[in-house]
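Trainee: Here you go, one structure.
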Ligand SMILES: [Mg+2]
C-alpha cells in the first residue's frame with residue numbers, strides 16, 4: 001500500500017524543456033514552494049532527460065511516495081501515468097499535474113490552475129478522485145485518443161510549433177484551416193462496440209469518417225471539447241465520429257463550435273459510450289494518443305476503470 005498523499009513523500013517529475021524551456025524555471029519555483037510548504041525532507045525532485053524517461057522514473061518511485069506531480073505538458077503526464085500503470089494497482093501514488101506545456105488538456109480536465117503558485121496550493125489540498133485510464137493495443141492514455149482529421153491537425157500543429165517556436169490557439173486554427181481546405185480526407189472505418197455500457201447492446205458502425213475520437217476526458221487539441229460530457233470517473237470511453245459529406249466551410253464551422261462543445265447537435269456528428277471497442281481502418285489514418293503520434297490500422301481500445309488516484313484542482317461541481 002502506498003501512503004496517503006497527505007502523509008507520504010511528494011515526488012516532482014519535471015520536464016525542464018517543456019514550453020520552450022520554461023519548464024526548468026517552473027520546476028525550480030515548484031521545488032522551492034514545496035520545500036517551504038511541506039519541508040525539504042518530504043520532497044523528491046526528478047528532471048527528465050529523454051523521451052520515456054518519466055515513465056521509468058514513475059515506475060521506480062520508492063514506497064514512501066504518496067503523490068507524484070507531473071510538471072510539463074500532456075506528453076509528460078501521459079509518460080508518468082504509463083509508469084504508474086506499470087506498478088501493481090495498490091502501489092500507485094496519487095497523480096497531480098502542474099501544467100507547463102503547449103497542450104494542457106488533462107490539467108484542464110482536473111481543473112488545475114495554469115501557474116505554479118496556485119497549482120501547488122490546489123494540489124496540497126489533496127482533493128482526489130479515482131480516475132479511469134484508457135488503453136489502446138496495450139498502451140495507456142489519460143485523456144485522448146483520436147484518428148483522422150483532428151489527429152492530423154494536432155500533429156501538424158506540433159510540427160508548426162517546432163518549426164516556428166509559436167504556440168496557442170491561432171497556430172491550431174491555421175493548421176485546421178490548412179487541413180480542412182487542402183486535405184479533407186475521409187477514412188473507411190469499422191467500429192465494433194464489443195463491451196457496451198450497461199443496458200446497451202453490442203453494435204458495429206461502418207462507413208467513412210473524417211475523424212474518430214475515443215476519449216477518457218472531454219477535450220483534445222488544446223481544449224476542444226470533442227466529447228463535452230465525458231467523465232474520467234464513469235468507467236466508460238466517450239466516442240465521437242464525424243461523417244461526410246461536409247464542404248470545408250461547414251467542417252470549419254463544426255470544428256469552431258466544437259471548441260465550446262457546441263457541435264453536439266450536428267447530424268454529421270455521432271456519439272457513443274462503451275467499456276471496450278475494436279476499431280479498424282482500411283488505410284492508416286493520422287493518429288494521436290495524448291498528443292503524441294501513433295500508427296496502425298487495427299486498434300483494441302478499452303477503459304480501465306478506477307485505475308489511478310488523481311488530484312483535482314477545483315472540487316467537482
Ligand atoms: Mg469516461
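Trainee: Does a label point 7 Å from the Cα of residue 49, set along Cα-to-beta-carbon, have any residues of segment 1-42 with amide nitrogen under 15 Å, and which are they?
Mentor: 14-17, by backbone N distance to the label point.
Trainee: State, as an integer percentage, the relative contact order of segment 1-126 based on alpha-carbon contacts under 8 Å between residues 6 or more apart.
Mentor: Working: 239 pairs, mean separation 39.1, N = 126.
Reported as a whole number, the value is 31 percent.
Trainee: Any chance you could check the Cα centroid distance between segment 26-58 and segment 167-214 for me, in angstrom?
Mentor: With segment 26-58 and segment 167-214 each reduced to a Cα centre, they are spaced 37 Å.
Trainee: What number, in percent, do you get for the relative contact order of segment 188-307 if the mean sequence gap of Cα pairs under 8 Å and at least 6 apart is divided by its residue count? Before the final figure, lay out each step's value.
Mentor: Details: 226 pairs, mean separation 34.9, N = 120.
The normalised contact order for segment 188-307 reaches 29 percent.
Trainee: Note the full-extension length gain between residue 297 and residue 250 as 0.36 nm times their separation in residues minus their Cα-Cα distance, in nm to one decimal.
Mentor: On the way: separation 47, 0.36 × 47 = 16.92 nm, distance 2.77 nm.
Length difference between fully extended and current span is 14.2 nm.
Trainee: At what distance in nm do the modelled label points of residue 260 and residue 56 sit from each other, each positioned 7 Å from its Cα along Cα→Cβ?
Mentor: 4.7 nm
Trainee: Rounded, prolate or oblate: pick one for segment 3-66, where a ≥ b ≥ c are the square roots of the eigenvalues of its C-alpha gyration tensor, a/c under 1.5 means rounded, and failing that, prolate if a/b is larger than b/c, else oblate.
Mentor: Values: a/c = 3.11, a/b = 1.27, b/c = 2.44.
Taking the square roots of the gyration eigenvalues as a ≥ b ≥ c, segment 3-66 is oblate.
Trainee: Now for a different question. When you take every Cα atom in segment 141-305, what is the radius of gyration, and what is Dmax, the widest Cα pair distance, in Å?
Mentor: Looking at segment 141-305, its Cα Rg and Dmax stand at 14.9, 49 Å.
Trainee: Based only on other Cβ atoms within 10 Å, what is the fewest-to-most ordering of 231, 267, 146?
Mentor: On the way: 231 18, 267 6, 146 26.
Going from sparsest to densest Cβ surroundings: 267, 231, 146.
Trainee: Test of understanding: ordering 55, 7, 243 by Cβ neighbours within 10 Å, fewest first, what list do you get? Before the final figure, lay out each step's value.
Mentor: Details: 55 22, 7 11, 243 19.
Fewest to most other Cβ atoms nearby, the residues stand as 7, 243, 55.
Trainee: How many angstrom lie between the Cα centre of segment 262-288 and the Cα centre of segment 87-129?
Mentor: Spelled out, the Cα-based centre of one part sits 28 Å from the other.
Trainee: Full extension from residue 268 to residue 90: what is 0.36 nm times the residue separation minus their Cα-Cα distance, to one decimal in nm?
Mentor: Working: separation 178, 0.36 × 178 = 64.08 nm, distance 4.28 nm.
Taking 0.36 nm per residue and subtracting the Cα distance, the gain is 59.8 nm.
Trainee: According to the square roots a ≥ b ≥ c of the eigenvalues of the Cα gyration tensor, what is the shape class of segment 21-114, taking rounded for a/c under 1.5, prolate for a/b larger than b/c otherwise, and oblate for the remainder?
Mentor: Working: a/c = 1.44, a/b = 1.08, b/c = 1.34.
Rounded, since a/c falls under 1.5.
Trainee: Here's something else I'd like to know. Can you tell me how much longer the chain between residue 178 and residue 159 gets when fully stretched, taken as 0.36 nm per residue apart minus their C-alpha distance, in nm with one decimal? Write down the numbers at each step before the final one.
Mentor: Values: separation 19, 0.36 × 19 = 6.84 nm, distance 1.33 nm.
Length gained between residue 178 and residue 159: 5.5 nm.
Trainee: Something else: Considering the chain as a Gaussian network with a 10 Å cut-off on Cα pairs, which listed residue, 64, 86, 200, attains the greatest mean-square fluctuation?
Mentor: The residue that fluctuates most here is 200.
Trainee: Another question, if that's okay. Treating the angle as unsigned and between 0 and 90°, give the value, to the nearest 10°, between the Cα long axis of helix 149-164 and the longest Cα principal axis of the chain.
Mentor: Taking the Cα atoms of the chain, the angle to 149-164 is about 50 degrees.
Trainee: DSSP beta bridges in the chain, what fraction antiparallel, as a percent rounded to 5?
Mentor: Working: 52 of 70 bridges.
Expressed as a percentage, antiparallel bridges in the chain total about 75.
Trainee: A further question on this structure: On a 0 to 90° scale, report how tilted helix 18-38 is relative to the longest principal axis of the chain, with both axes built from alpha carbons and the result rounded to the nearest 10.
Mentor: The helix 18-38 is inclined about 40 degrees to the chain.
Trainee: If you don't mind, another one. Given the DSSP H assignment, sum -39500 (n - 2.57) over each helix run of at least 4 residues in the chain and divide by its residue total; what's the result at 222 nm in deg cm²/dmol, nearest 500? Show your work: numbers first, answer last.
Mentor: Working: 8 runs with 95 residues, N = 317.
Computed ellipticity for the chain at 222 nm equals -9500 deg cm²/dmol.
Trainee: Do you know the relative contact order of the chain, to the nearest whole percent, from alpha carbon pairs under 8 angstrom that are 6+ apart?
Mentor: Here the relative contact order equals 21 percent.
Trainee: In addition: Go ahead and set up a Gaussian network model of the chain, Cα springs under 10 Å, then flag whichever of 15, 78, 137 fluctuates most.
Mentor: 137
Trainee: Something else now. Would you mind checking the tilt of helix 74-85 against the longest principal axis of the Cα atoms of the chain, expressed as 0 to 90 degrees and rounded to 10?
Mentor: 70 degrees
Trainee: Between residue 37 and residue 314, what is the FRET efficiency for a Förster distance of 22 Å, r being their Cβ-Cβ separation, to the nearest 0.05? Intermediate values should be presented prior to the final figure.
Mentor: Working: r = 19 Å, r/R0 = 0.86.
Efficiency for this residue pair is about 0.70.
Trainee: Of all DSSP beta bridges in segment 22-172, what percent run antiparallel (nearest 5)?
Mentor: Looking only at bridges with both residues in segment 22-172, the antiparallel portion is about 35 percent.
Trainee: Pick out which of 149, 239, 171 has the largest mean-square fluctuation in a Gaussian network model of the chain, springs linking Cα atoms closer than 10 Å.
Mentor: Per the Cα network of the chain with a 10 Å cutoff, 171 tops the list.
Trainee: For 271, 299, what ranking results if the residue with the fewest other Cβ atoms within 10 Å of its Cβ goes first?
Mentor: The order, fewest Cβ neighbours first, is 271, 299.
Read-outs throughout are calculated quantities, based only on the coordinates presented, and are distinct from any laboratory measurement. This one's a predicted model, so the numbers in the text were calculated from it and none came from an experiment. As a convention, Cβ positions derive from the backbone with ideal geometry for all residues, glycine included, and neighbour counts pool all protein chains shown.
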